[in-house]
Structures are given as C-alpha cells and as structure tokens.
Amino acid sequence: RRLGKVLHLSSNKNLILKAKRTAKPSQNVFDKQAYKIGKIIDVFGPVKTPYISIKPLTPNAKKYVGKALYLK
C-alpha cells in the first residue's frame, strides 16, 4: 500500500513524507523493492492529508527524497 511521497530530509535527519493514507507511529516503512527504510515516529498536520516523520535505518536517507514509500 502506497503511503506517500518523501518531501525532504529534516534538520534532525528524519524523512518528511506527505501521506496519501493514515498511518500509526512505530509502523515500518518500505521502498518500492520492499526494502525496509525505517519506522514512523510522528504523524502531524491536517487530518485528511497528514505529514509523517520517518526515522531512517539507512545512513544514505537523502536518496529517498522525491520517491514514494509504502506500508505492508
């Protein structure tokens, strides 16, 4: 299930994503190849189109900016 598109990398190195669907903190997030990218640490903003903060598991998180991420 597509979660949304990564907008940018925050100052504390978390990925900020514009969500297409609801999600809960501590859920795992995956890339298109089903590789685990990280965990959701916060959901904020408007209820209909929230933003999600993801703690990446990879040191090269910047490569995911502009790409879609998914939930299983």
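Being more than 8 Å from the chain's Cα centre (by Cα), at pLDDT 95 or above and open to solvent by less than 90 Å² (accessible area, probe 1.4 Å) holds for only one residue in 69, 17, 9, and it is 9. When residue 32 is tested against (1) free of Cβ contacts under 8 Å to residues at least 24 places away in the same chain; (2) in a loop (DSSP other than H, G, I, E, B); (3) closer than 19 Å to residue 72 by Cβ, just one condition goes unmet, and that condition is (1). Residue count for the stretch 55-66 satisfying the condition of being open to solvent by less than 60 Å² (accessible area, probe 1.4 Å), over 13 Å from residue 4 (Cβ atoms) and either in contact with a Gly (Cβ under 6 Å, 6 or more places away or on another chain) or part of a loop (DSSP other than H, G, I, E, B) (or both): 2.
Kindly provide the set of residues from the stretch 35-54 that are assigned to a loop (DSSP other than H, G, I, E, B) and surrounded by 15 or more Cβ atoms within 10 Å (Cβ to Cβ), ordered by number. Hit for the stretch 35-54 is 50, nothing else.
The values are calculated or read from the model by the stated rules, or taken from the named source; none is laboratory data. Predicted, not measured: the structure shown is a model, and the values here were computed from it. No Cβ is skipped: glycine too gets one built from the backbone with ideal geometry, and neighbour counts run over all protein chains shown. The area values use the complete protein model at the heavy-atom level, side chains included, leaving out ligands, DNA and RNA. Shrake-Rupley method; radii C 1.70, N 1.55, O 1.52, S 1.80 Å.
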